[in-house]
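Have a look at the structure below, then the notes.
The values are calculated or read from the model by the stated rules, or taken from the named source; none is laboratory data. Since the model is a prediction, treat every value here as computed from it, not as a measurement. These accessible areas exclude ligands, DNA and RNA; they are computed on the full protein's heavy atoms, side chains included. Shrake-Rupley method; radii C 1.70, N 1.55, O 1.52, S 1.80 Å.
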Amino acid sequence: AQLVESGGGLVQAGGSLRLSCAASGRTFSPYAMGWFRQAPGKEREFVAAITWSGGSTYYADSVKGRFTISRSNANNTVYLLMNSLKPEDTAVYYCAARRGFSLNPRQESYDYWGQGTQVTVSS
């Protein structure tokens, strides 16, 4: 599968952005999906994950209550709605796909990765 992220940009603290990740190539399902991010000088970290059905989600503590992951299998797209953004959310955001039905926060469990989209939150 090929994954292409979009929706990043510059936003003020407290603002919102919605990232999209469009999948093409091999069938989008069954793939569980995840979002990860990498801030300058830091390692890539887990943000959120969703099962193939969309029935279960899991979030990093740092974004819980502010970010929402969702998906549309009909459109082969996964979304990340980010509210109440903080400067520390500034990073390149990546979507990733792993074969199977269940979600997983571990990066090494994912099979395909997008190129990333930059999110910058100004204070």
Please calculate how many Å² of accessible area the chain carries per residue, with a 1.4 Å probe and no DNA, RNA or ligand atoms counted. 50 Å²
Where the centre of each part is set by its Cα atoms, how far does segment 4-60 sit from segment 70-123, in angstrom? 1 Å
Please list, in order along segment 55-68, the HN-Hα scalar couplings obtained from phi with the Karplus expression 6.51 cos²θ - 1.76 cosθ + 1.60 (θ = phi - 60°), rounded to whole Hz, x for Gly and Pro. x, 10, 9, 8, 10, 5, 4, 5, 10, 4, x, 10, 10, 9
Can you list the residues, at least 5 places off or on another chain, whose amide H is less than 5 Å from the amide H of F67, using H built in the peptide plane? N83
Within the accessible area of segment 1-62, what % is carbon and sulfur when the probe is 1.4 Å and the other protein chains stay in place? 47 percent
The chain, Kirkwood Rh and Cα Rg, ratio Rg/Rh at 0.94
With a 1.4 angstrom probe the carbon and sulfur portion of accessible area for segment 63-123, in percent, totals 46 percent
